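The values are calculated or read from the model by the stated rules, or taken from the named source; none is laboratory data. As the structure is a computational prediction, the values presented were derived from the model and not from experiment. In this analysis, Cβ positions are derived from the backbone assuming ideal geometry, glycine residues included, and neighbour counts consider all displayed protein chains.
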Amino acid sequence: MLYGNESIAHYSKANIVVWMIMAFQAGVLNVGGFLACHRFVSHVTGFATFFGVEVSKDSLLHATGMLAVPGFFLLGAMISGQLVDVPLRTKKKPRYYISFGLIFLFILTVLIGGMQGIFGEFGGVLDKRGYLLLAILCLVCGLQNGTISTVSHSVIRTTHLTGITTDLGVGLMRVLNARSLPRLHHEEVRANMMRGGIILFFFLGSIAGAFVFFRFAFAGFALPALTSGSLFMAMIYFQILKKRWRRS
């Protein structure tokens, strides 16, 4: 991925590190959004459920907010498609550094805006300012998930666990039936280790995020700002600086 590969057939150490950091980051963001405004930011299904509930209560503001926020997840996925998927399909270089740069920028916006009171009280009643926070965090998750899902041909998803847990369950049965499926055995063992690692790091991110946000409130977004900033710098190095240094 760091070098623009379209496939994850080769589980390089660099790629695995990126995937695990992003899963950790997603866990932090999810718990941060939940503690800040009582909603998960990577669970689009949940917003559809809340939308139905709010419509039944004739709450136009909250119903509109619940419907609009997943739209930002979709927008994030669309942006990642333009930056990563379209270049890959047209045999051009995917612009990972821009995608990761936007993720870093939006998380930094949440960190600074939250500490300045732009998004209201941390853990307070969900209002218009809370929906703005949810929209930005959903945009980040859409960007992150779209970027990784595209480059892995939808094998890897780091912002939610439903799909990856399903894949793990199917993959485990393929391993247990190795005699009937000998050609898939080696590949599935590696894939299952990767899937288990993503689930583990998502949980670790949730645990770390809970400790940080309970203590520091909006300042806790410094943790995902640090991880996203590190990934952004890594993309700048591998996609731009390293090539220039080689040429010179």
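Considering (1) assigned to a helix (DSSP H, G or I); (2) modelled with pLDDT under 75; (3) among the polar types (S, T, N, Q), the lone condition that SER154 does not fulfil carries the number (1).
For THR90, are the conditions met, namely being more than 18 Å from LEU133 (Cα to Cα), of a type in the set (S, T, N, Q) and over 16 Å from the mean Cα position of the chain (by Cα)? Against the criterion (more than 18 Å from LEU133 (Cα to Cα), of a type in the set (S, T, N, Q) and over 16 Å from the mean Cα position of the chain (by Cα)), THR90 qualifies.
Selection of segment 198-248 for residues being of a type in the set (S, T, N, Q) and closer than 28 Å to ALA36 by Cβ yields SER206, THR227, SER228, SER230.
Restricting segment 165-217 to residues that are hydroxyl-bearing (Ser, Thr, Tyr) and within 28 Å of VAL31 (Cα to Cα) leaves a set whose member that is surrounded by the fewest Cβ atoms within 10 Å (Cβ to Cβ) is THR166. Beta carbons closer than 6 Å, at least 6 apart along the sequence or on distinct chains, pair a first residue in segment 21-41 that is free of Cβ contacts under 8 Å to residues at least 40 places away in the same chain with a second that is assigned to a helix (DSSP H, G or I) for PHE40/ASN30; PHE40/PHE34; PHE40/GLY46. Restrict the check to segment 120-134 and report whether at least one residue is under 27 Å from LEU241 (Cβ atoms), loosely packed, with under 15 Cβ neighbours inside 10 Å and of a type in the set (A, V, I, L, M, F, W, C). No: segment 120-134 contains no residue that is under 27 Å from LEU241 (Cβ atoms), loosely packed, with under 15 Cβ neighbours inside 10 Å and of a type in the set (A, V, I, L, M, F, W, C).
This table checks each residue for (1) in a helix (DSSP H, G or I); (2) of a type outside the set (Asp, Glu).
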| residue | (1), (2) |
| --- | --- |
| ASP167 | yes, no |
| GLY171 | yes, yes |
| ARG174 | yes, yes |
| SER180 | no, yes |
| VAL189 | yes, yes |
| GLY197 | yes, yes |
| ALA210 | yes, yes |
| ALA222 | yes, yes |
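With the requirement that a residue be surrounded by fewer than 19 Cβ atoms within 10 Å (Cβ to Cβ) and modelled with pLDDT of 70 or more, what does segment 36-47 give you? Passing the criteria: only HIS38.
Every residue, every condition in (1) of a type in the set (Phe, Trp, Tyr); (2) without any contact (Cβ under 8 Å) to a residue 40 or more places away in the chain, yes or no:
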position	(1), (2)
THR64	no, yes
ALA68	no, no
ASP85	no, no
PHE104	yes, no
GLU121	no, yes
ASP127	no, yes
LEU139	no, no
